[in-house]
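The structure appears right after this line, and notes come after that.
The values are calculated or read from the model by the stated rules, or taken from the named source; none is laboratory data. This structure is a prediction, so every number in the text was calculated from the model and none was measured. A quick note on method: Cβ atoms are made from the backbone with ideal geometry, for glycine too, and the neighbour counts reach across all protein chains shown. Only protein heavy atoms, including side chains, enter the accessible area calculation; ligands, DNA and RNA are left aside. Shrake-Rupley method; radii C 1.70, N 1.55, O 1.52, S 1.80 Å.
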Amino acid sequence: MRTDRWAWTAALVLALAVACSPGEPTPDTTAEPVALDPCDLVSATTVADVVGPALASPWDGLAGDLTTGICSWRLEVDIGDVSDVVRRPTRRLLQIRTTASNDCGEATSTPLPSQNGSTLRFCWNDGTADVTYEAVDDLGGQDVAPDKAQVELILQRVVREVDERRTTAKRLAPDPARTQTATPKPVKNVCDLVAPATLRAARVPRAQDPVDIGVSTKCVWNDGRDRSLALVFTPYGNGQGRPGSAFANVAVEQFAYVWQVEPTKDGAYFGDSLHVDGRAAVGAFQLDVAMTDLDGSDPRLQEFATSVIRDAAKALPQ
């Protein structure tokens, strides 16, 4: 009787062990589908060719919603009221939107034109993708419509690459590192960033009160006649898994790309005998300088603009 009891107990233990041992995982039929990560669907080479210097900007939509993803790459540089006749790219936008739904009711095989570009939607078995490309050029201070044929060729290139990379692209995942962190402004008065000796040499001794322009702050000096100097200070916070310096550095790269100049250690500069613009990155801070001499008799405008940047770089926290 005792032997039978131990045999029965051993059989029960063995049955429980088998029942608790790992086997094939049970499919989770309640989990929502996850969209492809749109930032992973296009290569850095293609972005550089069709947009220029640009950082991927993922859309941080509803928390926990992984059924839709949006990633955009944007170049945008305000070149002001220029008088030259060179056509320059001032705005470029590439955006990819993915979904985890294969609703192809609105799918199309031809681009849908917009004012400055086109959008193409196409479907896969497990989702859809919308690819948008827009472009605006500047010619003599005026916006110029893009070449529609060129836009279509660019769109076809991007779509072809997206379709090739979708089999290896990552899926969306929660990424707290994408959260943007605000950076406090490290200076009380941006006008104090420029040394008095530099202002005397540039002959622009009087400064107006600084003016806030969104997250930026601007200071203007002028002699009341034909000479003026402006300095714009923009701080960047950490976000999207990158330090603020990445945003400041790409802003300088975009400036140089649009003006087709080679950056130096003191930033990038472009101008003529009447006006000079410059942009530099100091850590997580972007500095924009503009020097004007309507008289046109001073060949040292860029030298003065560079001195302003150097003064500000020394004054800012490293």
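When the accessible area of region 170-246 is split by element with a 1.4 Å probe, what percent falls to carbon and sulfur?
Result for region 170-246: 54 percent of the exposed heavy-atom area is carbon or sulfur.
On a full-extension model of 0.36 nm per residue, what is the gain between LYS314 and GLN208, subtracting their alpha-carbon distance, rounded to one decimal in nm?
Net length gain for the segment: 36.0 nm.
From the backbone phi of region 293-300, what are the Karplus-calculated ³J(HN,Hα) couplings (6.51 cos²θ - 1.76 cosθ + 1.60, θ = phi - 60°) in whole Hz, Gly and Pro given as x?
Residue by residue, region 293-300 yields 9, 5, 6, x, 9, 10, x, 9 Hz.
I'm checking a number: the convex hull volume of the Cα atoms of region 209-308, normalised per residue, in Å³. What is it?
So the per-residue Cα hull volume is 103 Å³.
Let's test the formula: R0 of 51 Å, r as the Cβ-Cβ distance of ASP226 and SER101. What FRET efficiency results, to the nearest 0.05?
0.25
I'd like the GluC sites (Glu not before Pro) in region 87-173 restricted to DSSP loop residues with at most 15 other Cβ atoms within 10 Å, sorted by number.
Here the GluC sites (Glu not before Pro) that fit, given the DSSP loop and packing criteria, are GLU106.
With θ taken as phi - 60° and the coefficients 6.51, -1.76 and 1.60, list the Karplus ³J(HN,Hα) couplings across region 223-235 in order, rounded to whole Hz; mark glycine and proline as x.
9, x, 10, 10, 10, 8, 9, 10, 10, 10, 10, 10, x
What are the trypsin sites (Lys or Arg not before Pro) within region 240-318 that DSSP puts in a loop, where the Cβ has at most 12 other Cβ atoms within 10 Å?
Answer by residue number: LYS265.
Can you give the charge dipole size of the chain about its Cα centre, rounded to the nearest 20 debye, using +1 on the beta carbon of Lys and Arg and -1 on the beta carbon of Asp and Glu?
Approximately 920 debye in magnitude.
If you only keep lysine pairs separated by 8 or more in sequence, or across chains, how many in the chain come under 16 Å at the Cα atoms?
For the chain, the number of qualifying lysine pairs is 5.
Counting only heavy atoms of protein chains, what accessible area per residue, in Å², does region 42-176 have with a probe of 1.4 Å?
It amounts to 54 Å² per residue over region 42-176.
Out of region 192-245, which trypsin sites (Lys or Arg not before Pro) are coil in DSSP terms and have no more than 13 other C-beta atoms within 10 Å?
When the trypsin sites (Lys or Arg not before Pro) of region 192-245 are filtered for loop state and at most 13 Cβ neighbours within 10 Å, ARG225 remain.
Probe radius 1.4 Å, ligands and nucleic acids ignored: give me the carbon and sulfur share of the accessible area of region 273-318 as a rounded percent.
Looking at region 273-318 in its full context, I get 51 percent from C and S.
Once phi is turned into ³J(HN,Hα) by the Karplus curve 6.51 cos²θ - 1.76 cosθ + 1.60 with θ = phi - 60°, what whole-Hz value does each residue of region 182-197 show in order, with x for glycine and proline?
So the Karplus estimates, Gly and Pro as x, are 5, 10, x, 5, x, 10, 6, 9, 5, 5, 6, 6, 9, 5, x, 5 Hz.
If a helix is a whole DSSP H run, which ones in the chain reach 24 Å or further along their own axis (Cα) and hold a mean Kyte-Doolittle hydropathy of at least -0.5?
2-20, 148-165
Kindly provide log₁₀ I(q)/I(0) values, in the same order as q = 0.08 Å⁻¹, from the Debye equation applied to equal alpha-carbon scatterers of the chain.
-0.51
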